[in-house]
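Novice: Okay, here's the structure, questions in a sec.
The numbers here are math on the coordinates, done by the rules we state, and not lab data. This is a predicted model, so every value here is computed, not measured. Note that we place each Cβ from the backbone using ideal geometry, even for glycine, and neighbour counts take in every protein chain shown.
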Amino acid sequence: MRGIALREAPGLAITVDSAGTANYHSGAAPDRRAQAAARKRAYDLSGLRARQVRAADFAEFDLILAMDRNNLQQLQERAPRGARAKVQLFLDYAPEQPVREVPDPYYGGSGGFEEVLDLIEAAARGLLRRLQGQAPQS
């Protein structure tokens, strides 16, 4: 996990991590098509490795975001009683988007990875606006 300081959010430190509900591809780097699409937008995914969500994640993080309703349900079922983390759909932060779930681009063409990045960026901007609104004023 890495803490990141965002250009768009001075003074706001965020820890971001990625994990799946299934144990597929554990330890593997992201799909080459995902890395290529990300590289076009100046994101470097080469250091990421797949891992499965752990019970500790529900205590370590404030927010766990699911890409679709199926994963949302699985996360809600796995959340320990009294978990710190709030679990919700990532696209809840992008209400202007016509879809509510981020599709899985794995079995489609490379354009699917671009679409996923568009949705993730929209939701990330919305989440950032929400966090900035909740951040204490200095």
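Novice: Rounded to whole Hz and in sequence order, give me ³J(HN,Hα) for the range 97-102 from the Karplus expression 6.51 cos²θ - 1.76 cosθ + 1.60, θ = phi - 60°, writing x for Gly and Pro.
Specialist: Per-residue couplings from phi come out as 6, x, 10, 10, 10, 7 Hz.
Novice: Find out how many positive minus negative residues lie around R51, taking Lys and Arg as positive, Asp and Glu as negative, among other residues whose Cβ is under 11 Å from that of R51.
Specialist: Charge balance near R51 sits at 0.
Novice: Output the antiparallel fraction of DSSP beta bridges having both residues in the chain, as a percent to the nearest 5.
Specialist: 45 percent
Novice: Also: Send over the semi-axes of the chain's equivalent ellipsoid, whole angstrom and largest first, taken as the square roots of 5 times the C-alpha gyration tensor eigenvalues.
Specialist: For the chain, the semi-axes come out at 22, 20, 16 Å.
Novice: Something else about it: Taking other Cβ within 10 Å of each residue's Cβ, how do Y24, Y43 sort, fewest first?
Specialist: Y24, Y43
Novice: Looking at the chain, identify the longest residue range that excludes and avoids all trypsin sites (Lys or Arg not before Pro) in DSSP loops having at most 15 other Cβ atoms within 10 Å.
Specialist: 101-138
Novice: Can you show me the helix-derived [θ] at 222 nm for the chain, built from DSSP H runs with n ≥ 4 at -39,500 (n - 2.57) apiece and divided by the number of residues, rounded to the nearest 500.
Specialist: -10500 deg cm²/dmol
Novice: On a full-extension model of 0.36 nm per residue, what is the gain between A19 and R51, subtracting their alpha-carbon distance, rounded to one decimal in nm?
Specialist: Net length gain for the segment: 11.0 nm.
Novice: Still on this structure: Can you list residues whose amide H is under 5 Å from Q52's amide H, if they're 5+ apart or on another chain and H is modeled 1.01 Å from N?
Specialist: Excluding prolines and chain starts, which carry no amide H, the hits are G20.
Novice: I'd like to know which of Q52, I64, Y24 lies farthest towards the positive end of the charge dipole of the range 22-70, counting +1 on Cβ of Lys and Arg and -1 on Cβ of Asp and Glu.
Specialist: Value: Y24.
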